[in-house]
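The values are calculated or read from the model by the stated rules, or taken from the named source; none is laboratory data. Note that the structure is a prediction, hence the values are computed from the model and not measured. Note that we place each Cβ from the backbone using ideal geometry, even for glycine, and neighbour counts take in every protein chain shown. Accessible surface areas use protein heavy atoms only, side chains included; no ligands, DNA or RNA. Shrake-Rupley method; radii C 1.70, N 1.55, O 1.52, S 1.80 Å.
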Amino acid sequence: MISPKIMKPKVLVTREIFPETLAFLREHLDVEGNQSDLMLSADELATRLAGKIGVMSSGSDKIDAALLAQVPQLKAICNIGVGYNNVDVNAATEHKIMVTNTPGVLDETVADTAFAYVLATAKRMTESEQFLRDGHWKKNTLTLMLGRDVHHATLGIMGMGRIGQAVARRARGFDMKVIYFNRNRVAADVEQECNAAYVSKEDLMKQADFIVLLVPYTPENHHLIGAADIALMKPDAVLINIARGGIVDEVALIEALKHRKIFGAGIDVFENEPNFRKEFLELSNVVLLPHLGSASANTRRAMANLAAKNLVAALTTGNPPNQVNKL
């Protein structure tokens with residue numbers, strides 16, 4: 001007697017992923033992919049999720065209460081990324097949907113990028129390169145494109161989680177003084193390892209030469225850094241946001257940069273990405289990248305593979321390793 005064919009759970013992968021990740025998923029699941037990497041509108045996402053019980057999503061996918069109401073059969077949302085503010089976790093929890101992220105695998109790469117912003121802003125690298133490319137370099141002068149020293153400067157880290165600690169470790173090589181602000185003070189042994197001193201948010205804004213934002217986006221952290229906070233910064237200080245758009249009031253930041261109230265900024269994330277305020281392009285004292293904090297080949301593969309493992313585990317065992325909500 002021929003045994004009935006076991007049906008694999010149907011899932012949607014919303015964006016392009018690595019071929020090996022897709023192959024792994026297809027060993028366990030019935031996968032509808034999107035290797036053409038088309039950005040899906042809310043209506044398109046709802047249509048493609050019809051009949052699916054799982055989805056591997058990315059930060060560009062808005063998975064809100066309205067969408068979830070249209071797909072009552074959904075059981076798992078597995079986001080590629082440590083952040084998951086694109087998902088309404090409360091609504092997912094109400095619908096008994098597991099939500100997962102990909103923590104840990106991107107910490108060191110994001111810390112590398114954060115420190116790249118420190119160096120690039122301090123040395124005015126993008127501004128100087130554009131100066132050269134535009135044919136303005138006619139002679140060397142003593143005051144040409146003067147930047148800031150990184151060595152022995154004060155680094156302020158807002159958000160002393162795994163990535164913040166990795167950034168602090170890199171600062172040791174530059175003999176930097178490290179101060180940090182966190183919702184909760186970290187353990188004494190972590191402070192010692194990172195050679196970091198806990199300060200208030202206000203003191204961090206006043207004292208730091210370079211401020212690196214690494215806090216998660218939550219409604220409470222919306223515009224955590226506003227005009228009043230930027231006004232506390234030294235006129236030769238730098239603000240770096242490699243966390244999430246929406247943490248910084250971009251209008252206030254643009255005004256401060258335009259009027260040279262601070263030395264510069266490094267922006268990896270934007271409030272409505274991939275859309276962003278075009279006023280940033282008019283500024284020479286800002287380094288801009290299109291959300292590339294974790295963009296190394298090894299790290300992006302690790303993120304996709306971890307999201308895939310989360311999805312398979314969620315739909316086969318009901319116990320994914322990186323679930324962020326309790327059902």
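Numerical summary
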quantity	calculated
Leu306 being in contact (Cβ under 8 Å) with a residue 60 or more places away in the chain, within 30 Å of Phe24 (Cβ to Cβ) and surrounded by fewer than 22 Cβ atoms within 10 Å (Cβ to Cβ)	no
Cβ-Cβ under 6 Å pairs, at least 6 apart or on other chains, region 157-180 side of a type in the set (Lys, Arg), far side open to solvent by 10 Å² or more (accessible area, probe 1.4 Å)	Arg162/Asp107; Arg170/Phe115; Lys177/Thr154
Close pairs from region 244-263: first within 14 Å of Met233 (Cα to Cα) and among the basic types (Lys, Arg), partner at pLDDT 95 or above and part of a helix (DSSP H, G or I), Cβ under 9 Å, at least 6 apart	Lys261/Ile230; Lys261/Ala231; Lys261/Glu255
Residue in region 293-301 that is part of a strand (DSSP E or B) and β-branched (Val, Ile, Thr) present	no
Selection within region 48-64 - surrounded by 14 or more Cβ atoms within 10 Å (Cβ to Cβ) and among the hydrophobic types (A, V, I, L, M, F, W, C)	Leu49, Ile53, Val55, Met56, Ile63
Checking Val248 against (1) farther than 22 Å from Met125 by Cβ; (2) surrounded by 22 or more Cβ atoms within 10 Å (Cβ to Cβ), the condition it does not meet	(1)
Search result, residues across region 302-327 that are in a loop (DSSP other than H, G, I, E, B) and more than 19 Å from Gly59 (Cβ to Cβ)	Thr317, Gly318, Asn319, Pro321, Lys326, Leu327
Residue that is farthest from Thr109 (Cα to Cα), among those in region 155-190 that are in contact with a strand residue (DSSP E or B) (Cβ under 7 Å, 6 or more places away or on another chain) and open to solvent by 20 Å² or more (accessible area, probe 1.4 Å)	Arg185
Failed condition for Arg277, given (1) among the charged types (D, E, K, R); (2) farther than 20 Å from Ala116 by Cα; (3) in contact with a strand residue (DSSP E or B) (Cβ under 8 Å, 6 or more places away or on another chain)	(3)
Every residue from region 133-151 that is open to solvent by 100 Å² or more (accessible area, probe 1.4 Å) and aliphatic (A, V, I, L, M)	Leu142
Some residue of region 119-138 being under 21 Å from Pro216 (Cβ atoms) and among the hydrophobic types (A, V, I, L, M, F, W, C)	no
Criterion: in contact with a strand residue (DSSP E or B) (Cβ under 9 Å, 6 or more places away or on another chain) and open to solvent by 10 Å² or more (accessible area, probe 1.4 Å) - qualifying residue of Asn195, Asn241	Asn195
Selected residue (only one of Leu38, Leu25, Leu45, Leu67 is farther than 24 Å from Met7 by Cβ and crowded, with 18+ Cβ neighbours inside 10 Å)	Leu67
